[in-house]
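Please read the structure below before turning to the comments.
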């Protein structure tokens, strides 16, 4: 089996969550049947949204360092557990000596959103760069209002007292559920988890609407290609 690399730390909980999914979703009867996974959880990588929205330090150099480390570890296939970082993908992809999969390239081949009005839960940086809209130009996306984005989505992800990035998963989940309610009122027929913290917090969600997590699809693709 191929050695798998993960560029993580964006955020740390999310990258650990998707690393765990690689193990949980890969049937194995003993340790030796599982993948060799190298996770670089570098939480000091500059914030991607602040870089895009406020012109703060770019994450590119730090991501290149992670890719170099994974390359030196002889990783053969890998992915990045952060949607917003893909806004910089073309700037760092050549730093990987291994096959680095792009979650948005994978998403282009997906049919599970076809025919839906897709409510998008993502960071403001991802919304600004329209990463999902560019990958799926035929899909009708429903975005949160500015107030809902600020008070529920970004707060649920980033708030130091209620956000998922500060380990307040249940509090963040409640805020995201409120955002989902607004998106449903605006006509969404399916929800897209466009941030890894969203996918983490809403894993196993049992509500009024289906949630699609493209990063979980990436996990399955990595498993298929690594076997």
A chain fully extended from residue 32 to residue 97 at 0.36 nm per residue, minus the present Cα-Cα distance, gains in nm 20.8 nm
Among 53-60, 129-136, how do they line up from the highest to the lowest mean number of other beta-carbon atoms within 10 Å? 129-136, 53-60
Please work out how much length the chain gains when fully extended from residue 56 to residue 217, using 0.36 nm per residue of separation minus the C-alpha to C-alpha distance, in nm with one decimal. 54.9 nm
Rounded to the nearest 500, what is the 222 nm mean residue ellipticity of the chain from helices alone, with -39500 (n - 2.57) per DSSP H run of 4+ residues and division by all residues? -11500 deg cm²/dmol
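None of the figures in this text is laboratory data; all of them are computed from the coordinates on show. The structure presented is a predicted model; accordingly, all values stated were derived computationally and were not measured. Counting neighbours? That spans all protein chains shown, and the Cβs are built from the backbone with ideal geometry, glycine included.
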